[in-house]
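One structure is given here, and the rest of the page talks about it.
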Amino acid sequence: MSNRIGTAAIIIIAVIVNICCKEKKNRECLYTLDNLLKNDSPRAVVVNSTDTLTEVRDLTKDNSSGLYVFDKNKNLKLYAFLRRDSVYKYLEEYDSKGQLIKKEGSPLIEYRIWKIDNNDSLLFNVSLFALNKKYEDIKLVTNIGDTIRPVNLYKSPFYTNVKVFPFKVSKNKIAGSLIIYAQISFENLCTYKKELVYDTTYLSDDIH
């Protein structure tokens, strides 16, 4: 009798685990136009609206901005980080349940020079697209010997759904180009999968 009870308990536990896992794997992850405008208005503005789609852009002072395209149901269909009007550095496309179906580029979307400190140091803000992402470990290594591991991420003052962190390098060490190698790990909050991204960026004209 006790063996039967024990076996039944194991089966019940297994079924519960399977149900939990299945719910996590298949859950909808929709991001809506209301989500964006409610959380980030007036930094996000509608630039085009028809019966079939709505386009929203970050309100910035330069040519770089995030572009969101929502479908007729006001669910996010596409995000692109634009360097100029028609040139994107990063792109994500989503299905009708909000799951990521296509990705191009790196979620490390920008190194922005924030300040030149007494002509000796360059201060950067690094921007990471953060929608449905939980960043866990970030490591930057430069060709001039710096290793940067940020502890905290902050809400971007420039872009929506973007996290930033600052770092500093010595300008005097830079002979030509500054090369930054990035290794970034994060959890996809829709699929609960861990992802690892590598990125290499060359900065030359911007730093001299």
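Counting only strands (runs of 3 or more DSSP E) that fall entirely inside the stretch 24-140 and contain at least 2 residues that are of a type in the set (D, E, K, R) and over 13 Å from the mean Cα position of the chain (by Cα), the qualifying elements are 54-58, 76-84, 108-117.
Scanning the stretch 160-171 turns up no residue that is surrounded by 14 or more Cβ atoms within 10 Å (Cβ to Cβ), in contact with a Cys (Cβ under 7 Å, 6 or more places away or on another chain) and outside the structural domain of residue 41 (by TED's automatic domain parsing). Restricting attention to the stretch 60-87, the residues that are more than 26 Å from residue 189 (Cβ to Cβ) and surrounded by 15 or more Cβ atoms within 10 Å (Cβ to Cβ) add up to 1.
Within the stretch 145-158, the only residue that satisfies the criterion of being at pLDDT 95 or above and among the aromatic types (Phe, Trp, Tyr) is 154. Restricting attention to the stretch 172-208, the residues that are over 23 Å from residue 122 (Cα atoms), among the charged types (D, E, K, R) and surrounded by 14 or more Cβ atoms within 10 Å (Cβ to Cβ) total 2. How many of the residues making up the stretch 164-190 are polar (S, T, N, Q) and either free of Cβ contacts under 8 Å to residues at least 40 places away in the same chain or out of contact with any strand residue (DSSP E or B) (no Cβ under 8 Å at 6 or more places or on another chain) (or both)? Selection size over the stretch 164-190: 2.
Residue count for the stretch 19-65 satisfying the condition of being in contact with a Phe, Trp or Tyr (Cβ under 6 Å, 6 or more places away or on another chain) and at pLDDT below 85: 1.
From the list 58, 120, 62, 95, the lone residue that is over 23 Å from residue 33 (Cα atoms) and either in contact with a Gly (Cβ under 7 Å, 6 or more places away or on another chain) or not assigned by TED's automatic domain parsing to the domain that holds residue 191 (or both) is 62.
Taken over the stretch 30-52, the criterion of being among the small types (Gly, Ala, Ser) and surrounded by 15 or more Cβ atoms within 10 Å (Cβ to Cβ) is satisfied by 44 alone.
The values are calculated or read from the model by the stated rules, or taken from the named source; none is laboratory data. Quick caveat, the model's predicted, so the values are computed rather than measured. Ideal geometry is used to build each Cβ from the backbone, glycine not excepted, and the neighbour counts take in all protein chains shown.
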